[in-house]
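Step one of this worksheet: look at the structure below.
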């Protein structure tokens, strides 16, 4: 799976920390209409991991730390917060192109990913 949206200030303790800089590079320009589509897409992701850690941006509460997927990409809950703020530094062309290809509708891969991993636990 591909990772997107991870930030060192929130994700330094995660195993994928070594990939954060590589994934963050290559930001793209989007308009307000596309920003809304991206936010809706990200909010429809399947939760695959959560912690009791509450994230903040200075004095602003972001929310709980959750990792989501669409079956192809993995992103943290704070990714949506920063996109809402207009901080697109963690968007990259591959991710935006993928969402455009699927018309901003999460595909069945996320549910299949979750289901197949649940079967492995049995």
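Look at 42, 55 and count the other Cβ atoms within 10 Å of each Cβ; fewest to most, that gives 55, 42. Sorting 41, 68 by the number of Cβ atoms found within 10 Å of their own Cβ, with the fewest placed first, yields 41, 68. Exposure proxy for 96, 36: other Cβ atoms within 10 Å of each Cβ, ordered fewest to most, give 36, 96. Projecting label points 7 angstrom from Cα along Cα→Cβ for residue 94 and residue 40 puts them 2.7 nm apart.
A full extension of the chain between residue 50 and residue 2 corresponds to an added length of 15.4 nm, given 0.36 nm per residue minus the alpha carbon distance. If the chain linking residue 29 and residue 85 were pulled fully straight, counting 0.36 nm for each residue of separation and taking away their Cα-Cα distance, it would gain 18.7 nm. Could you compute the FRET efficiency for residue 61 and residue 101, with r as their C-beta to C-beta distance and R0 at 35 Å, rounded to 0.05? The calculated FRET efficiency here is 0.55.
Coordinate-derived values only; no laboratory data. Here the structure is a predicted model, which means the values were calculated and not measured. No Cβ is skipped: glycine too gets one built from the backbone with ideal geometry, and neighbour counts run over all protein chains shown.
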